[in-house]
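**Student:** Here you go, one structure.
The values are calculated or read from the model by the stated rules, or taken from the named source; none is laboratory data. Here the structure is a predicted model, which is why all the values come from computation and not from measurement. FYI the Cβ positions are ideal-geometry reconstructions off the backbone, even for glycines, and counts take in every protein chain you see.
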Amino acid sequence: MWLLITIAVFFAARALSRQLNHPFANPLLISIAVLIPTLVWLKVPYEHYYAENQWLNLLLQPAVVALAYPLYEQLPQIRRHWRVILLASFVGSVMSMLTATLIASLFATDLTLIASLLGKSVTTPIAMEVSRQLGGEAAIAAILVLLVGLFGAIFAYPIYRLLDIRHPIARGLTMGTVSHALGTATCVEKQPEDAAFSSLALVLCGVITSILAPSFFLFAAWLSV
């Protein structure tokens with residue numbers, strides 16, 4: 001039952017989002033605002049809700065893989081600009097982890113939380129695995145990924161308009177680097193050309209973060225000594 005309710009709520013939220021055409025009218029945000037109070041009101045345990053929606057969770061990874069299709073459409077541009085793409089993804093990943101490490105260390109944050117913070121800008125499966133490997137809390141990592149993704153999905157395109165950023169490479173790379181799959185899904189809805197570079201950045205940043213996160217964790221441990 002909850003699987004059908006979740007799907008129905010999402011499609012209704014998507015239709016409302018298109019009708020309102022406002023940054024805060026994000027389908028995921030609307031769905032969360034409807035489903036969570038409903039579950040609390042009806043006293044439905046999270047475990048029960050999760051079990052009934054397991055098919056959606058199983059489709060998450062194929063959905064991320066499906067984002068590779070826009071890459072095929074933009075292959076000539078990707079070949080032409082591969083140096084910029086690699087550099088932007090590397091710098092974005094490093095700065096994301098560095099700022100998280102420095103700010104968390106400044107506030108004397110526990111190393112467990114820092115381990116959960118390091119993967120906040122990559123897609124959920126990678127962030128959770130990075131957190132587990134470093135001794136963090138995978139659930140906290142997943143929540144942080146959701147918050148960062150929502151922030152990008154809501155505010156990225158208004159910021160692009162404000163700063164007059166029009167190039168699909170600039171928009172796509174920043175979105176994929178910072179807001180992973182949720183941001184990329186927003187690109188698919190708003191500017192499909194941006195989605196190719198966003199999905200590419202999503203993959204590259206996931207690989208870079210997986211490799212470099214242990215080094216930043218050791219740096220955080222050194223700062224806390």
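**Student:** Quick one: would you say Asn21 is surrounded by fewer than 16 Cβ atoms within 10 Å (Cβ to Cβ), under 22 Å from the mean Cα position of the chain (by Cα) and either more than 22 Å from Gly183 (Cα to Cα) or at pLDDT below 85 (or both)?
**Tutor:** Criteria met by Asn21.
**Student:** Turning to a different aspect of this structure: Among the listed residues Ser131, Ser199, Ser116, Ser179, identify the single one that is in contact with a Cys (Cβ under 9 Å, 6 or more places away or on another chain) and among the hydroxyl-bearing types (Ser, Thr, Tyr). Walk me through it before giving the result.
**Tutor:** Values: Ser131 fails: in contact with a Cys (Cβ under 9 Å, 6 or more places away or on another chain); Ser116 fails: in contact with a Cys (Cβ under 9 Å, 6 or more places away or on another chain); Ser179 fails: in contact with a Cys (Cβ under 9 Å, 6 or more places away or on another chain).
Just one listed residue meets the conditions, Ser199.
**Student:** If the Cβ limit is 6 Å and pairs must be 6+ apart or interchain, which residue in the stretch 151-172 that is under 22 Å from Gln74 (Cα atoms) pairs with which residue that is surrounded by fewer than 22 Cβ atoms within 10 Å (Cβ to Cβ) and of a type in the set (Asp, Glu)?
**Tutor:** Sorted first by the residue in the stretch 151-172, then by its partner, the pairs are Pro168/Glu193.
**Student:** Evaluate the following for Leu111: is it at pLDDT 80 or above and of a type outside the set (S, T, N, Q)? Don't jump to the end; show me each part of the working.
**Tutor:** Values: at pLDDT 80 or above: yes; of a type outside the set (S, T, N, Q): yes.
Yes; evaluated as a whole, the condition is true for this residue.
**Student:** To continue, here is another question. Within the stretch 185-205, take every residue that is closer than 23 Å to Leu98 by Cβ and surrounded by fewer than 24 Cβ atoms within 10 Å (Cβ to Cβ) and give me the one that is farthest from the chain's Cα centre (by Cα).
**Tutor:** Once the filter is applied, the top-ranked residue is Leu204.
**Student:** Test of understanding: among Ile114, Ile103, Ile143, which residue is within 19 Å of Leu223 (Cβ to Cβ), among the aliphatic types (A, V, I, L, M) and surrounded by fewer than 22 Cβ atoms within 10 Å (Cβ to Cβ)? Can you show your working first?
**Tutor:** Details: Ile114 fails: surrounded by fewer than 22 Cβ atoms within 10 Å (Cβ to Cβ); Ile143 fails: within 19 Å of Leu223 (Cβ to Cβ).
The unique qualifying residue is Ile103.
**Student:** Something else now. Restricting the first residue to the stretch 121-134 and requiring it to be more than 19 Å from Ala185 (Cβ to Cβ), which pairs with a second residue that is of a type outside the set (Gly, Ala, Ser) and crowded, with 22+ Cβ neighbours inside 10 Å meet a Cβ separation below 6 Å and a spacing of at least six or different chains?
**Tutor:** From the stretch 121-134, the pairs are Leu134/Phe217.
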